[in-house]
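What follows is a short report on a single structure.
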């Protein structure tokens, strides 16, 4: 994902894939600045602003067809 893509998907679900771990962590994009995407991960308080995350480590979660 790029920063521009993230800006277009604030409020959307993403999955973070870091380093050598094959497991991902789900979250929601809360904001984007010039360097980072801020993601509120499932393990964080629902009122949290989000954690600064590099955009290239994020993948947009697909939406199910309705």
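Scan region 33-54 for residues that are part of a loop (DSSP other than H, G, I, E, B), modelled with pLDDT of 95 or more and in contact with a strand residue (DSSP E or B) (Cβ under 6 Å, 6 or more places away or on another chain) and jot them down. Please lay out each step first, then the result.
Pass one, region 33-54, residues part of a loop (DSSP other than H, G, I, E, B): 33-36, 42-50, 54.
Now drop any that are not modelled with pLDDT of 95 or more, which leaves 33-36, 54.
Of everything in region 33-54, just one residue is part of a loop (DSSP other than H, G, I, E, B), modelled with pLDDT of 95 or more and in contact with a strand residue (DSSP E or B) (Cβ under 6 Å, 6 or more places away or on another chain), namely 36.
Could you list, in sequence order, the residues of region 1-32 that are assigned to a loop (DSSP other than H, G, I, E, B) and surrounded by 11 or more Cβ atoms within 10 Å (Cβ to Cβ)? First the steps, then the outcome.
As a first pass, look at region 1-32 and keep what is assigned to a loop (DSSP other than H, G, I, E, B): 1-2, 9-12, 17-24.
If the condition is that a residue be assigned to a loop (DSSP other than H, G, I, E, B) and surrounded by 11 or more Cβ atoms within 10 Å (Cβ to Cβ), then 1, 2, 9, 10, 12, 17, 18, 24 are the ones that fit.
The values are calculated or read from the model by the stated rules, or taken from the named source; none is laboratory data. These figures come from a predicted structure and were not determined experimentally. Counting neighbours? That spans all protein chains shown, and the Cβs are built from the backbone with ideal geometry, glycine included.
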